[in-house]
Amino acid sequence: MERRTGPGIFVRSQPPFSDRPVTSSKSPPVSLDRTITHRLHTLSKLTDRLTQGAYVADAGIPMSEGRCLAAIGRFSPLSISDLALQSNLNKSQASRAVQSLVDQDLVRKEASALDGRGVVLTLTPRGEQVWLRVMAVIERRNQEIMACLEASEIAQLEGLLDRLVLHARLAAAGSSDAE
């Protein structure tokens, strides 16, 4: 059962599986390499391999730290939990990256005035300089990845990705509400 949550956005309210086999004698199973999940994962892994080297060569830090630095520079002040959400990492990965960035004097970690147990993350002056290099890497890599597309295709892809991300967020919010 699906429910409509917006224009062209549907959220499945029941799991898309059952105890019955999914194959049928009438139609072959879907080809894995044609599924959106497989292709997005493949694209992500292929681009990450090239992007990892660019972060180290141009910004002097690993990609996971660069992604955290980019999020802190864009959304600060942030807590570690907020950083994990913004950089698509789990909390322990974000915490390790933050500690490395603090050790390199790129990020300042201070006690939160609102939450005595929490911390607030901001860039140091040195961190702002590296953040600018990280953002240049991100911009260049995005241009390189989409270089095979026409401007109209880029605009269409961006719109479709926005819809897919929103759809996934609504589905994730719906599944966490059920817990």
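Numerical summary
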quantity: Close pairs from the stretch 147-172: first closer than 16 Å to T37 by Cα, partner of a type outside the set (K, R) and at pLDDT 95 or above, Cβ under 7 Å, at least 6 apart; calculated: L157/L149
quantity: Meets criteria (part of a loop (DSSP other than H, G, I, E, B), modelled with pLDDT under 65, polar (S, T, N, Q) and exposed (fewer than 15 other Cβ atoms within 10 Å of the Cβ)) for S18; calculated: yes
quantity: The one condition in (1) of a type outside the set (D, E, K, R); (2) in contact with a helix residue (DSSP H, G or I) (Cβ under 8 Å, 6 or more places away or on another chain); (3) under 22 Å from D48 (Cα atoms) that L123 fails to fulfil; calculated: (3)
quantity: Filter result for the condition that a residue is touching a residue at least 40 places away in the same chain (Cβ under 8 Å), in contact with a Pro (Cβ under 9 Å, 6 or more places away or on another chain) and surrounded by 16 or more Cβ atoms within 10 Å (Cβ to Cβ), over V134, V130, V120; calculated: V120
quantity: Qualifying positions in the stretch 60-117 - under 15 Å from V134 (Cβ atoms), touching a strand residue (DSSP E or B) at 6+ places or on another chain (Cβ under 9 Å) and without any contact (Cβ under 8 Å) to a residue 24 or more places away in the chain; calculated: A71, Q86
quantity: Criterion: at pLDDT below 95, over 17 Å from the mean Cα position of the chain (by Cα), small (G, A, S) and open to solvent by 60 Å² or more (accessible area, probe 1.4 Å) - qualifying residue of A178, A147, A151; calculated: A178
quantity: Residues (open to solvent by 20 Å² or more (accessible area, probe 1.4 Å) and within 18 Å of P125 (Cβ to Cβ)) located in the stretch 101-112; calculated: V102, D103, Q104, D105, R108, K109, E110
quantity: Within the stretch 56-74, considering residues that are touching a Lys or Arg at 6+ places or on another chain (Cβ under 8 Å) and surrounded by fewer than 20 Cβ atoms within 10 Å (Cβ to Cβ), the one farthest from D103 (Cα to Cα); calculated: D58
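The values are calculated or read from the model by the stated rules, or taken from the named source; none is laboratory data. The structure presented is a predicted model; accordingly, all values stated were derived computationally and were not measured. We place every Cβ from the backbone using ideal geometry, glycine too, and count neighbours over all the protein chains shown. Side chains included, ligands, DNA and RNA excluded: accessible areas come from the protein's heavy atoms. Shrake-Rupley method; radii C 1.70, N 1.55, O 1.52, S 1.80 Å.
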